Amino acid sequence: MGGGPSQPTTTTVNQNTSNLPEYARPYFTSMMGKAQAVTSAPYVAYGGERLAGFTPEQLQVQQNILNQQMPGQFETGTQLAGLSGLGSLTAGQRYAEMGGPQSFTQEGTAQQYMSPYMQNVLDVQKQQALRDAQQGQLAQSLGAARQGTYGGARQLLATTERERNLGDQMSKIQATGMQSAYENAVRQFNAEEAARLQNQQFGANLGLQGLAQANQSAQTLGNLGATEQQTRSNMYNQQQATAAQEQALRQQYLDQQYRDFIAQRDYNKENLAFYSSLLHGVPVSPNTTSTQTTTGTAPSLGAQLMGTGLTALSAYNMVK
């Protein structure tokens with residue numbers, strides 16, 4: 001190729017030179033090779049377990065908790081309390097129907113308690129009084145006949161007085177008898193009424209006591225059910241805590257296995273890091289850069305290619 005003369009030029013050449021000592025070069029070269037091998041290694045996945053699952057004991061306790069039901073005492077106590085309340089209402093209604101103290105003055109009550117033979121007794125007394133009056137009248141008539149005054153005014157007055165007295169006596173017998181019968185009836189009524197009220201009160205108290213005892217039994221059953229439920233809950237908590245200790249121990253074992261795997265997997269990497277830290281402590285400067293400026297004609301193409309080849313050769317020898 002033709003052309004005019006070359007023009008003077010100013011050329012700046014950057015040259016990289018190495019002053020790495022020969023004794024250190026193999027170690028740096030070895031580290032680079034190991035680093036390439038470590039970073040090029042394929043990823044190794046951990047094939048073991050990471051989490052400890054529930055133990056059979058934990059699964060059993062969980063199933064027991066899921067299957068638990070209300071204590072039977074609750075249902076029985078509820079039924080018993082309901083029956084007690086219903087019985088109390090029934091007893092109250094029955095007591096109200098039986099009524100409180102009765103009155104002797106009620107219609108028919110006196111006749112009910114007076115003896116049905118009382119009037120017969122009074123009639124006998126009246127007949128006896130009538131016979132006594134008739135005998136008195138007969139004696140008076142005989143006396144008047146002997147005196148010759150029979151049928152006179154004096155005899156008439158005496159007869160009238162005797163009949164009036166007889167009527168008074170009859171009325172007195174009837175009144176006294178009825179009063180006595182009435183008083184006896186009152187005493188009998190009061191005695192029977194007191195006994196009835198006492199029996200009624202006793203029965204009511206006995207029934208209420210039974211209902212109260214049933215209600216107390218219902219409360220006792222409820223308390224027993226609550227105690228049973230609390231006891232069962234405490235038992236499940238203890239079982240869960242004991243089973244959880246076994247699960248925690250297995251989890252520690254699995255974690256240790258995983259840490260051992262990580263240590264084994266990163267063994268070379270850790271060693272390389274340690275090796276690199278040692279080399280970084282060596283007092284050498286692997287590379288230095290120098291700049292050289294020359295003024296002259298531009299080098300020919302062949303000279304430029306030769307310079308490039310020398311630079312590449314120098315870099316190759318440095319890491320060889």
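All of the numbers you see were taken from the coordinates with simple rules; none came from a lab. This structure is a prediction, so every number in the text was calculated from the model and none was measured. Virtual Cβ from ideal backbone geometry, glycine too; neighbours counted across all protein chains shown.
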Q: Calculate, in nm to one decimal, what A139 and A241 gain on full extension: separation in residues at 0.36 nm each, minus their alpha carbon distance.
A: 24.4 nm
**Q.** Label zone at T90 (point 7 Å along Cα-to-Cβ), backbone N below 16 Å, the range 212-230
**A.** 212-215
Q.
How much length would be gained if the chain were fully extended between L254 and N184, taking 0.36 nm per residue of separation minus their Cα-Cα distance, in nm to one decimal?
A. 14.9 nm
Q | Difference of contour (0.36 nm per residue) and Cα-Cα distance, R265 to E161 | A | 22.3 nm
